[in-house]
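Where a number appears in this text, it was derived from the coordinates with a stated rule and is not lab data. This structure is a prediction, so every number in the text was calculated from the model and none was measured. Ideal geometry is used to build each Cβ from the backbone, glycine not excepted, and the neighbour counts take in all protein chains shown.
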Amino acid sequence: MTYNEVVKIGNAFLLPLVSELYGLEGYEIRLVDAHAGGRNVVYNCEKENADAKILRIAFLKDRSREELLGEVEYIRYLFEHGGSVSDVVSSRKGNLLEEITHNNHTFFICLFEKARGKKFVENNYRYREGVPITEYYYNCGKVLGKLHQLSKEYTPVHRRYSFFDKYNPQYIDKLIPSSLSLLKEKLVELLKTLEGLDRNHESFGMIHFDYNDGNYMIDFDNGQITVYDFDNSCFGWYMYDLADLWRSGVGWIAAAPDAGKRKKFMDDYFKTVLEGYRSETWIEDSMLEKLPLFIKVTLMEQIVDAFECMRNNGEEPECDEELSYCIKCLEDDIPYMGFFHEIYSCEEPFEYEERNI
């Protein structure tokens, strides 16, 4: 079933049922434009003198009821224990997750409180007037550190999948085209390295797995960050989310032609992030030393996601400039996403010549 088919079914059948289930009578329910690679149909729900909501309809068969329950139960746990996240709204039946079957297809329904504030891009990447941007870097780390500290104390009822349940040699071999044999080899090597890492209580637990400024709102009155979109959350290394946060920082200095200047900025940026992070939880220096390794893992996730999206959309696999860049960095063992390497161009950031598959 395609995204557009779900939108049609939603308008004709699902939305009236959902409104009844969640008491959304009188709300204006508007479709949110899908972003590239989006796996859900999402609606903005607004009503005068009422808090705005976000409605999500999951329709792909790649996630089970158990996994979705694991997601919403984790979000509710984080919210109830002081995590800065958008809470899940219970239905009138008292459920965090509802399912509706139509023409033998099951749709999973969740409703969330809409986070206060704006995305950074909606504010034209301007931070709070008169406040240094370092406050934002610090808060990014602090909010993430709080979520990770809560995860260290979390015992799930419905358990989400673990990193290796998805990222394993068998899945890589099945998903990645055979023409990309060197990439497959490098990904398997990377997975073997990860298999040798410690997975103790302090280093491995529930993580967001997509922590960036596209998945949180900022209240520009006070700088508060509210996180949402735990759609990819899983059991993994806390260091992965920190590597994602490192990647988020490159945009601030991506246009600088001097690699030394980019390196100095990233060192200072990540130092501030870690100060915020360590104000809420601890991470060993031995794990921080593996930052280059986990930046590689974020590239692997991006590559896997790209091929999954092509498969889910029924498209033939192809490598555009961005995907080709990620592949090149992994195939040639170029660290830090090539950000300090001659492969990087500030005129065409993170792009490489397209390759045929």
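Legend: translational diffusion of the chain by Stokes-Einstein, Rh = Kirkwood radius over C-alpha pairs, 20 °C, 1.002 mPa s; D = 99 µm²/s.
Peptides 273-282, 237-246 ordered by packing proxy, namely the average of other Cβ atoms within 10 Å per residue, highest first: 237-246, 273-282. The stretch 209-261 gives an Rg/Rh value of 1.06, both radii derived from C-alpha positions and Rh following Kirkwood. Enter the Cα centre distance for the pair the stretch 181-218 and the stretch 330-357, rounded to the nearest angstrom. Going from one Cα centre to the other spans 20 Å.
Here the simple spin-label model places points 7 Å from the Cα toward Cβ, and for residue 2 and residue 356 these points are separated by 2.8 nm. Overall, the ratio between the Cα radius of gyration of the stretch 3-113 and 2.2 N^0.38 Å, rounded to two decimals, is 1.04. The GluC sites (Glu not before Pro) of the stretch 29-70 that DSSP puts in a loop, and whose beta carbon has at most 13 other beta carbons within 10 Å, are 48.
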